[in-house]
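Down below is the structure, laid out as structure tokens.
The values are calculated or read from the model by the stated rules, or taken from the named source; none is laboratory data. Model, not experiment: these values are computed from the prediction. All Cβ positions, even for glycine, are placed from backbone atoms using ideal geometry, and neighbour counts span all protein chains on display. Note: accessible area is taken over every heavy atom of the protein model, side chains too, but ligands, DNA and RNA are not part of it. Shrake-Rupley method; radii C 1.70, N 1.55, O 1.52, S 1.80 Å.
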Amino acid sequence: MQEGKVVAVPTETVYGLAADALNPSAIAKVFEVKNRPADNPLICHFSSMQHVQQFVEKIPVSTKVLMKSFSPGPISFMLDLPQNSPLAFATCGSAQVIGRIPANEIFLGIITQLNRPVAAPSANTSGRVSATSAQMVEEDLKEKISGVVDGGICSVGIESTIVDARDEQNIFILRPGRIGEKEIQRVLPSAKILSGKTFEQTTPGTKYRHYSPATPLFSLDTIEMIDQENEVALLLTQDQYNGITDEQKKNLVSRKLQVIILGSMKNLDELARNFYQHLFQLDHLNLQKAFFLKNDWGNSSLGKALQNRMEKIIQDYVPPAN
Ligand code: TXA
Ligand code: MG
């Protein structure tokens, strides 16, 4: 990475496409490899709070509390940059950087050794789902990058929470993740925590909203809505599968539906860890489409984050007219 090369690295959330954040040509390469729109800024990774401090205007009070509580970990912070910041290339000229300290020994070691911030968006072609294993990265980007550091499957499995905690009292969750309202409220009891549409207003990146597995995924109210012209897959949680009748299960088998069980709502950590892996597996089936049975993801932080990721990849299903 010292020589301006682009390498995929493991983090606890998803794999990152890493480059020296202070090297403009390395940053340009990241955009090229991902085919990422040129105005979509890159998250920068730091080795410690002291390291963050060297590059930002200041670390505001509430941000500091959150950083002390959850970093290194799956949370990123919006912070103001000083004028003429060397991070301006990575942030596409924005006056803010989104920074995080990853909880992955290998990646932290790399940042520490480099002793520079590392820009690393998720290691996937723009518009595709994030990669959570070295194999996923290799399949998508191998020819275009200098290497993949294999750190196994990412332990969290979905992208970090992004927060704007620059205002002491109003904390915005710009992208939901493993750390959510409950966890934040616990350490900032008097702050107001807001989430929702704010990200679109504040950040340019999120106008690029749609992610998708190569196989189009449609949401369904009931299994009966599935039409049968082609072989298709059905994604559901273990709980949904347990909830369908024996008759319906037999029916799934006789209609040659490929059933992919995403995991149980009783173990959301595991479900999230395997979430993108299941979509990867789905794409390997090479089907024309897949269905997902509408699910109540619940109110936990991970539940809300999974709901958010699902919304980005599914389309409502309109059965063909007969
Ligand atoms: O868990 C994660 O956050 C992973 C790992 C690799 O760290 N990274 C990640 O990066 O998910 P990416 O680029 O796929 O998603 C970051 C989001 C994008 O929507 C981007 O537009 C937005 O954050 N973003 C990054 N820097 C920004 C900035 N300075 N201002 C506004 N939005 C920014
Ligand atoms: Mg991404």
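If I go through region 135-154 residue by residue, how many of them are within 19 Å of Phe275 (Cα to Cα) and not in a loop (DSSP other than H, G, I, E, B)?
Qualifying residue count for the region: 6.
Does Ile171 meet the test of being more than 10 Å from ligand 1 (Cβ to nearest atom), touching an Asp or Glu at 6+ places or on another chain (Cβ under 8 Å) and at pLDDT 95 or above?
Yes: the conditions hold for Ile171.
Specify which of the listed residues (Gln288, Gln315, Gln277, Gln240) is touching a residue at least 40 places away in the same chain (Cβ under 8 Å) and part of a loop (DSSP other than H, G, I, E, B).
Gln288
Among what's in region 97-128 and is assigned to a strand (DSSP E or B), near ligand 1 (Cβ under 10 Å from one of its atoms) and under 17 Å from the mean Cα position of the chain (by Cα), pick the residue that is nearest to Ile27 (Cα to Cα).
Ala119
What number of residues within region 118-169 are among the β-branched types (Val, Ile, Thr), open to solvent by 30 Å² or more (accessible area, probe 1.4 Å) and over 30 Å from Pro86 (Cα atoms)?
1
Would you check which residues across region 52-83 are in a loop (DSSP other than H, G, I, E, B) and small (Gly, Ala, Ser) and list them?
Within region 52-83, Ser71, Gly73 meet the criteria.
Looking at region 84-96, is at least one residue farther than 24 Å from Lys144 by Cα, touching an Asp or Glu at 6+ places or on another chain (Cβ under 8 Å), outside any loop (DSSP other than H, G, I, E, B) and not acidic (Asp, Glu)?
Yes, that holds for at least one residue.
Considering Ser71, Ser48, Ser62, which residue is hydroxyl-bearing (Ser, Thr, Tyr), within 14 Å of ligand 1 (Cβ to nearest atom) and within 25 Å of Asn170 (Cα to Cα)?
Ser71
Identify all residues within region 221-242 that are open to solvent by less than 20 Å² (accessible area, probe 1.4 Å) and either at pLDDT below 90 or more than 21 Å from Leu279 (Cα to Cα) (or both); write none if there are none.
Ile223, Ile226, Val232
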